[in-house]
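See below for the structure under consideration.
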Amino acid sequence: MNQRDVIIACDFSSAEATLAFLDKFTDCKPFVKIGMELYYAAGPAIVKEIKDRGHKIFLDLKLHDIPNTVKKAMSVLSKMDVDMCNLHAAGTIDMMKAALEGLTRPDGTRPLLIAVTQLTSTSEERMQKELLINASINDTIVKYAQNAKEAGLDGVVCSPLEAGMVKEACGAEFVTVTPGVRFADGEVGDQVRVTTPERAKEIGTDYIVVGRPITQAEDPVAAYKRCVAEFVG
Ligand code: C5P
């Protein structure tokens with residue numbers, strides 16, 4: 001069985017703000033997600049700094065380009081000691097296969113590679129009206145997950161609400177990484193397909209990615225520990 005864990009989305013705009021935030025965690029080393037905002041602001045140096053502090057890292061850059069470009073970019077990322085990285089399944093099976101090749105180091109090791117299905121901020125209505133995808137959002141997510149599995153990837157990013165059907169379609173070992181998590185008494189913000197850490201656990205997802213409910217909390221360490229207690233505990 002895969003291990004359950006809480007990943008904190010460190011969506012800060014500078015290395016200083018991120019490290020000041022992580023300094024608050026004196027008695028634990030949370031799994032950390034570095035997204036576009038922080039990576040574009042602080043570059044590979046922040047990845048190394050956080051890794052040197054003993055955190056696991058999910059580098060969330062959501063690559064989506066032609067297969068050759070993604071393969072070469074993944075080859076660069078493979079040299080950083082991250083634990084997980086990702087791309088958009090919408091880039092096709094060929095792109096995902098190329099990414100996997102680029103990410104695999106000469107000794108055969110590599111970080112977990114996860115595909116984004118549909119962003120958790122996307123509603124079915126917008127997907128159909130704006131993207132002209134004439135399927136249900138659930139069918140789209142399952143199909144993208146099956147494509148990722150066929151390409152040899154480890155799992156997908158999806159809403160916790162979709163993790164159960166992804167597991168059913170792709171197997172229990174196929175990893176689900178799920179943002180769109182909110183405390184029952186918290187604000188939803190711009191996320192659409194959301195649920196609580198407790199419900200995410202019941203559905204059987206492997207990792208929950210939690211940003212603002214922890215980073216914007218009055219006491220982020222307490223909020224993180226509440227998440228761990230509700231999801232892992
Ligand atoms: O603050 P919040 O908990 O909404 O943060 C969720 C994080 O997960 C953000 O960093 C967002 O970019 C990311 N994410 C997402 N939906 C996806 C993929 C990633 O919300 N499908």
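The values are calculated or read from the model by the stated rules, or taken from the named source; none is laboratory data. Small disclaimer: the values here were computed from a predicted structure and weren't measured. Using ideal geometry, Cβ is built from the backbone for each residue, glycine included, and neighbour counts are taken over all protein chains shown. Please note that ligands, DNA and RNA were not included when accessible areas were found on the heavy atoms of the full protein model with its side chains. Shrake-Rupley method; radii C 1.70, N 1.55, O 1.52, S 1.80 Å.
Identify the single condition in (1) touching a Lys or Arg at 6+ places or on another chain (Cβ under 9 Å); (2) over 22 Å from residue 35 (Cα atoms) that residue 86 does not satisfy, given that it satisfies every other one.
Looking at each condition in turn, residue 86 falls short on (2).
Out of (1) open to solvent by less than 70 Å² (accessible area, probe 1.4 Å); (2) outside any loop (DSSP other than H, G, I, E, B), the odd one out for residue 71 is which?
It is condition (1) that residue 71 fails.
Can you spot a residue in the range 39-48 that is open to solvent by less than 30 Å² (accessible area, probe 1.4 Å), more than 21 Å from residue 181 (Cα to Cα) and not in a helix (DSSP H, G or I)?
Yes, that holds for at least one residue.
Six or more apart or on different chains, Cβ under 6 Å: which pairs go from a residue in the range 127-155 that's acidic (Asp, Glu) to one that's crowded, with 21+ Cβ neighbours inside 10 Å? Could you list them?
Within 6 Å, the pairs are 154/113; 154/175.
Give the residue that is farthest from the ligand (Cβ to nearest atom), with candidates limited to residues of the range 19-38 that are part of a loop (DSSP other than H, G, I, E, B) and farther than 17 Å from residue 5 by Cβ.
So, considering only residues that are part of a loop (DSSP other than H, G, I, E, B) and farther than 17 Å from residue 5 by Cβ, the one farthest from the ligand (Cβ to nearest atom) is 26.
When you scan the range 199-210, do you find a residue that is surrounded by fewer than 16 Cβ atoms within 10 Å (Cβ to Cβ), within 11 Å of the ligand (Cβ to nearest atom) and touching a residue at least 40 places away in the same chain (Cβ under 8 Å), even just one?
Taking every residue of the range 199-210 in turn, none turns out to be surrounded by fewer than 16 Cβ atoms within 10 Å (Cβ to Cβ), within 11 Å of the ligand (Cβ to nearest atom) and touching a residue at least 40 places away in the same chain (Cβ under 8 Å).
Here's the yes/no breakdown for (1) touching a Phe, Trp or Tyr at 6+ places or on another chain (Cβ under 8 Å); (2) open to solvent by less than 60 Å² (accessible area, probe 1.4 Å); (3) more than 15 Å from the ligand (Cβ to nearest atom); (4) not basic (Lys, Arg):
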position: 83; (1), (2), (3), (4): yes, yes, yes, yes
position: 87; (1), (2), (3), (4): no, yes, no, yes
position: 102; (1), (2), (3), (4): no, yes, yes, yes
position: 106; (1), (2), (3), (4): no, no, yes, yes
position: 124; (1), (2), (3), (4): no, no, no, yes
position: 129; (1), (2), (3), (4): no, no, yes, no
position: 132; (1), (2), (3), (4): no, no, yes, yes
position: 135; (1), (2), (3), (4): no, yes, yes, yes
position: 139; (1), (2), (3), (4): no, no, yes, yes
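Looking for whichever is of a type in the set (Lys, Arg) and either in contact with a Gly (Cβ under 8 Å, 6 or more places away or on another chain) or part of a strand (DSSP E or B) (or both) here; the options are 129, 143, 97. Which one fits?
The match here is 97.
Which members of the range 155-173 meet the condition of being within 16 Å of the ligand (Cβ to nearest atom) and either open to solvent by 30 Å² or more (accessible area, probe 1.4 Å) or of a type in the set (Phe, Trp, Tyr) (or both)?
If the condition is that a residue be within 16 Å of the ligand (Cβ to nearest atom) and either open to solvent by 30 Å² or more (accessible area, probe 1.4 Å) or of a type in the set (Phe, Trp, Tyr) (or both), then 161, 165 are the ones that fit.
Of (1) at pLDDT 95 or above; (2) exposed (fewer than 15 other Cβ atoms within 10 Å of the Cβ); (3) farther than 23 Å from residue 229 by Cα, residue 13 satisfies all except one. Which?
Single failed check for residue 13: (1).
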